[in-house]
1. Which of the GluC sites (Glu not before Pro) across region 11-47 are loop residues per DSSP, with 12 or fewer other Cβ within 10 Å?
2. Run the accessible area of region 43-152 with a 1.4 Å probe and give the carbon-and-sulfur part as a rounded percent.
3. For Leu46, what residues show an amide H to amide H distance below 5 Å, using hydrogens built from the backbone and excluding near sequence neighbours?
4. In Å², and per residue, what accessible area does the chain have when probed at 1.4 Å with the other protein chains present?
5. Enumerate by residue number the GluC sites (Glu not before Pro) in region 88-152 meeting two conditions: DSSP loop (anything except H, G, I, E, B), and at most 12 other Cβ atoms within 10 Å of the site's Cβ.
6. Tell me, in nm to one decimal, what length is gained between Ser137 and Ala104 on full extension, where the rule is 0.36 nm per residue of separation less the Cα-Cα distance?
7. Hey, which of these cross-link pairs are over 25 Å Cα-Cα: Lys20/Lys125; Lys20/Lys128; Lys98/Lys128; Lys107/Lys146?
8. Only helical DSSP H runs with n ≥ 4 go in: add -39500 (n - 2.57) per run for the chain, normalise by residue count and round the 222 nm mean residue ellipticity to 500 deg cm²/dmol.
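The values are calculated or read from the model by the stated rules, or taken from the named source; none is laboratory data. Just so we're clear, the structure is a prediction, and the values are computed from it rather than from any experiment. Cβ atoms come from the backbone with ideal geometry, glycine included; neighbour counts cover every protein chain shown. Ligands, DNA and RNA are excluded from the accessible area calculation, which covers all protein heavy atoms including side chains. Shrake-Rupley method; radii C 1.70, N 1.55, O 1.52, S 1.80 Å.
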Amino acid sequence: MRYKKGDGVVESGTRYAITKLANVLFTRELQSRLDAENVPITCISLHPGLVNTDGPMNALRTINTGLLAYIFNLFLAAFGLTPLQGAYTTLFAATSPKIKAEPAKYKGSYLNPFNRLAEVSVYAKDPKLAEDLWACSEEVAEICLKEAEPRP
């Protein structure tokens with residue numbers, strides 16, 4: 001995938017979309033590997049929703065401090081989830097007995113706010129893309145671990 005470097009709205013949105021895709025791909029690949037080893041763990045990726053915290057506003061301020069930021073702030077205040085509501089889907093994924101009772105339903109799944117299963121994009125279903133991301137992640141982790149080793 002290619003994207004234009006920069007700090008504009010489009011560039012920031014593209015980076016967000018790519019990282020969200022990577023999260024879903026990595027989760028699905030991890031689930032696949034755990035299943036191949038018969039490890040009884042359920043991996044879930046999720047979107048907590050638009051949560052009314054400083055995070056979204058700080059991100060917006062880095063790219064626009066004018067009218068767009070003001071309008072987004074109003075939108076966030078009116079329609080954003082509270083932090084407690086934003087935590088709900090994560091807490092559901094981590095603790096719900098429904099996950100344990102129906103693991104096949106949730107393995108490698110993607111949840112939207114309030115524990116709704118969501119369909120992922122065709123890119124997020126691409127096993128080759130998931131394998132490539134996994135391989136890249138292993139390479140980067142290996143480099144980071146070597147660089148972090150204490151030197152005599």
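1. Loop-located and lightly packed - Glu37.
2. Roughly 63 percent of what the probe reaches on region 43-152 is carbon or sulfur.
3. When sequence neighbours closer than 5 places are left aside, the close amide H contacts are Leu111.
4. 70 Å²
5. Qualifying residues, ordered by number: Glu119.
6. 9.3 nm
7. In this structure, Lys98/Lys128; Lys107/Lys146 lie more than 25 Å apart at Cα.
8. About -19500 deg cm²/dmol.
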